[in-house]
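The values are calculated or read from the model by the stated rules, or taken from the named source; none is laboratory data. If you're wondering where the values come from, they're calculated on a predicted model, not measured in any experiment. Virtual Cβ from ideal backbone geometry, glycine too; neighbours counted across all protein chains shown. These area figures cover heavy atoms from the full protein model, side chains too; ligands, DNA and RNA do not enter into them. Shrake-Rupley method; radii C 1.70, N 1.55, O 1.52, S 1.80 Å.
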Amino acid sequence: MDSCIQELKFSHLHIPVTINSKFLVHPSSPTPADQSPRHSLYLSNLDDTVGARVLTPSVYFYRSNNDQTENSESLVLKRLQDALGEVLVPYYPLSGRLREVENGKLEVFFGAEQGALMVSASSSMALDDLGDLTVPNPAWLPLIFHYPKEEAYKILEMPLLIAQVTFFTCGGFSLGIRLCHCICDGFGAMQFLDSWAATAKNGRLIADPEPVWDREVFKPRNPPMVKYTHDEYLAVEERSNLTNSLWETKPLQKCYRINKEFQCRVKSIAQGQDSSLMCSSFDAMAAHIWKSWVKALDVKPLEYNLRLTFSVNVRTRLEALKLREGFYGNVVCLACATSSVNNVMNDTLSKTTRLVQEARVRVTEDYLRSMVDYVEVKRPKRLEFGGKLMITQWTRFEMYETADFGWGKPVYAGPIDLRPTPQVCVLLPQGGVESGGDQSMVVCLCLPPSAVHKFTRLLSLND
């Protein structure tokens, strides 16, 4: 394997976790929801896409700082709980619940028995028993709270924020969070977590910038004007072996650390094959991962059309629509590149990179407004996986910088288990307290056992 790429291993283990208590955290002072028993909040069609109807899980690990008073379980829990109550005043929508109104549209509503859910738990293991804490590991699932017999993708009348604090015998702890994607995208989540962490660290409310709801900015046009085909949402009949090979086998979660030098090399290869290609490192790496994945899975038939989707932050592309500073809702669109199996496998890297680059550039304010209108007209009810690889970029988020609650930056911050959606690939920053200025990224995705060796070889450019 190329020295610029490192295949990461994680421990296969069972983490015993005991739930000690569960309690709701309410805003610590009155909010607009208290002024009317019928108070509700509008969600835009960017918030209410089928892909956002999920409680996004992530986990943060914190080592003990050897200060027994500072790290006592009761103090940790009280600091997190008190700070959460404070930030739930300006971020009060996170204390509500979701319900469907006409045509299946979602809205936020409020009631006396609502609030964010906090869970206190403990484990008989130490953090060092968990192995490498820099590699997302499906074995960490017990560190995220799920209700017994909870339905997959259930969001209606669920807490919009669930936080489980698990204490380990070494004095360290984890913070497992499930945050409703309908309320905020990744950037909005970082804004909220930064406020919660700063409030916990400083002992007083810090909400800078002041959170802004303003979801009405993205209301659909009347009448709706759908100007694009929006291939990302189309129901496509699965006529290839792609989905079956991933969903009917027990896929393995694999992670690869890729340094900045290799990322630049992939971009140089793409641009060297086509001097007119103006692309980003992401364009080239996404194309390279897509090609390697399709080849390793040996997708057939060759004429079948595939899709590569990835989210694009449209905040910096808005012109007529204006957002106030502090807006924390969803402002992302799915970009979609399409190509046949044969072309993804056999075209040059530059040609596939151009498809990705063109899909990314295509996402403008006009595209976003068309997508809002498309959801209004069609309101897709299910995620479409036909012929699709979905790349999610967590590399854009300051996950470590925004998560210092007073115990320093986390050892790890990020996702846990990709296997429930094996057609998702996550790009993570190389972070943590010991990363320094490392610009490596970690590529996490799922593969059938039979495809692992070939994918690793192709990803390393050893083909």
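When the gyration tensor of region 40-153 is built from Cα positions, what are the square roots of 5 times its three eigenvalues, in whole Å, from largest to smallest?
Those come to 32, 20, 12 Å.
Based on the alpha-carbon gyration tensor of region 241-460, what equivalent-ellipsoid semi-axes (square roots of 5 times the eigenvalues) come out, in whole Å, largest first? Before the final figure, lay out each step's value.
Details: eigenvalues 138, 114, 76 Å².
Calculated on Cα positions only, the semi-axes equal 26, 24, 20 Å.
Please state, rounded to one decimal and in Å, the Kirkwood hydrodynamic radius that region 339-463 gives when every pair of distinct Cα atoms enters the mean of 1/r.
Roughly 18.0 Å, rounded to one decimal.
Tally up the carbon and sulfur contribution to the accessible surface of region 241-460 as a whole percent, 1.4 Å probe, everything protein left in place.
That share works out to 50 percent.
Rank by packing, highest mean first: peptides 441-452, 240-251, with packing defined as the count of other Cβ atoms within 10 Å averaged across residues.
Details: 441-452: 19.7, 240-251: 16.6.
Averaged packing, sorted descending, gives the order 441-452, 240-251.
Residue by residue through region 214-230, what is 3J(HN,Hα) from phi via Karplus (6.51 cos²θ - 1.76 cosθ + 1.60, θ = phi - 60°)? Round to whole Hz and write x for glycine and proline.
With coefficients 6.51, -1.76 and 1.60, one gets 6, 5, 5, 4, 9, 5, x, 6, 10, x, x, 10, 8, 9, 10, 6, 6 Hz.
Percentage of Cα-Cα pair distances in region 164-254 greater than 22 Å, rounded to whole percent?
Details: 2619 of 4095 pairs.
Of all Cα-Cα pairs in region 164-254, 64 percent lie more than 22 Å apart.
Based on Cβ point charges of +1 for Lys and Arg and -1 for Asp and Glu, what charge dipole magnitude is obtained for region 241-460 about its Cα centre, in debye rounded to the nearest 20? Please list the in-between numbers first.
Working: 29 positive and 21 negative charges, 93 e Å.
My answer is approximately 440 debye.
In vacuo Debye scattering of the chain, one point per C-alpha: log10 I(q)/I(0) at q = 0.09, 0.12 Å⁻¹?
Evaluating at q = 0.09, 0.12 Å⁻¹ gives log10 I(q)/I(0) of -0.61, -1.11.
Could you work out how much longer the chain between Lys201 and Ser3 gets when fully extended? Use 0.36 nm per residue separation minus the Cα distance between them, nm to one decimal.
67.3 nm
Looking at the P(r) of region 291-347, how many percent of alpha-carbon pairs lie beyond 12 Å?
Beyond 12 Å sits 72 percent of the P(r) for region 291-347.
Could you list which residues have their amide H under 5 Å from that of Ser340, counting only those 5 or more apart in sequence or on another chain, with H placed in the peptide plane?
When sequence neighbours closer than 5 places are left aside, the close amide H contacts are Leu306.
If R0 is 35 Å, what FRET efficiency do you get for Leu461 and Glu398 from their C-beta distance, rounded to 0.05?
0.70
Projected onto the charge dipole of the chain (+1 at Lys/Arg Cβ, -1 at Asp/Glu Cβ, origin at the Cα centre), which of Tyr92, Ser195, Cys264 gives the Cα projection farthest towards the positive end?
Cys264
Hey, got a sec? Which trypsin sites (Lys or Arg not before Pro) in region 212-319 land in a DSSP loop and have at most 16 other Cβ atoms within 10 Å?
Arg221, Lys227, Arg239
How big is the dipole moment of the chain about its Cα centre under a simple scheme where the beta carbon of each Lys and Arg is +1, that of each Asp and Glu is -1, and everything else is neutral? Debye, nearest 20, please. If you can, show how the numbers build up before the last one.
Details: 49 positive and 52 negative charges, 181 e Å.
Dipole magnitude for the chain comes out near 880 debye.
Would you calculate the volume per residue, in Å³, of the smallest convex hull containing every Cα atom of region 5-218?
155
For region 241-460, what does the accessible surface come to per residue with a 1.4 Å probe? Please give it in Å².
Per residue, region 241-460 has an accessible area of 39 Å².
Quote the charge dipole size of region 173-310 about the Cα centre in Debye, to the nearest 20; the model charges only the Cβ of Lys and Arg (+1) and of Asp and Glu (-1). Present the calculation step by step, with values, prior to reporting the outcome.
Working: 18 positive and 16 negative charges, 74 e Å.
For region 173-310, the charge dipole is close to 360 debye.
Give the cross-link partners of Lys300 among the lysines, using a straight C-alpha distance below 18 Å as the criterion and excluding same-chain residues fewer than 8 apart.
Lys291, Lys388, Lys454
Mind ranking His146, His230 by accessible surface for me, highest first, 1.4 Å probe?
His146, His230
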